[in-house]
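Contents: one structure, followed by commentary.
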Amino acid sequence: METGFENRELERTRKRVKEIRGFYINLSLYCIIIPILIAINLIFTPDFYWFFFSMAGWGTGLLFHAMAAFNFVPFLNRDWEERKLQQFMEEDRKTREKFMKNDNETHYSHGRPV
């Protein structure tokens with residue numbers, strides 16, 4: 001029987017594989033469509049090379065997709081997300097404890113309800 005940790009780990013691994021697969025699909029489409037756009041550009045409007053805009057825009061998106069899929073994000077990566085989650089959970093816990101303490105103090109005076 002799988003534990004909660006194993007389930008989360010399996011889900012995380014599946015998500016990572018899905019991200020990498022999505023990147024490879026994106027890369028494959030880029031390698032197929034950009035040459036088609038280049039051919040269309042050179043055949044129909046050879047005086048203006050507009051395919052560079054498509055190539056640069058999609059290429060930039062592809063670069064960021066690769067960085068995310070292969071965990072190469074030097075800023076705001078998964079470790080950062082995990083640290084932020086822990087920070088916010090700790091802040092929420094402290095706020096709840098403070099609220100509960102204040103709530104108890106306002107309802108009781110010297111051990112008796114007010």
**OP:** Kindly indicate the residue of the range 1-38 that is part of a helix (DSSP H, G or I) and acidic (Asp, Glu) and also nearest to TYR49 (Cα to Cα) among those meeting that condition.
**Re:** GLU19
Original post:
Would you call GLY4 exposed (fewer than 11 other Cβ atoms within 10 Å of the Cβ) and within 27 Å of ALA68 (Cβ to Cβ)?
Top reply: yes
Original post:
List, please: which pairs have Cβ atoms under 8 Å, are six or more places apart or on different chains, and start with a residue in the range 55-80 that is outside any helix (DSSP H, G or I) and end with one that is modelled with pLDDT under 80?
Top reply: ASN71/ASN77; ASN71/ARG78
Original post:
Does LEU42 fit the bill of being more than 26 Å from PHE72 (Cα to Cα), assigned to a helix (DSSP H, G or I) and not hydroxyl-bearing (Ser, Thr, Tyr)?
Top reply: yes
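The values are calculated or read from the model by the stated rules, or taken from the named source; none is laboratory data. Since the model is a prediction, treat every value here as computed from it, not as a measurement. Note that we place each Cβ from the backbone using ideal geometry, even for glycine, and neighbour counts take in every protein chain shown.
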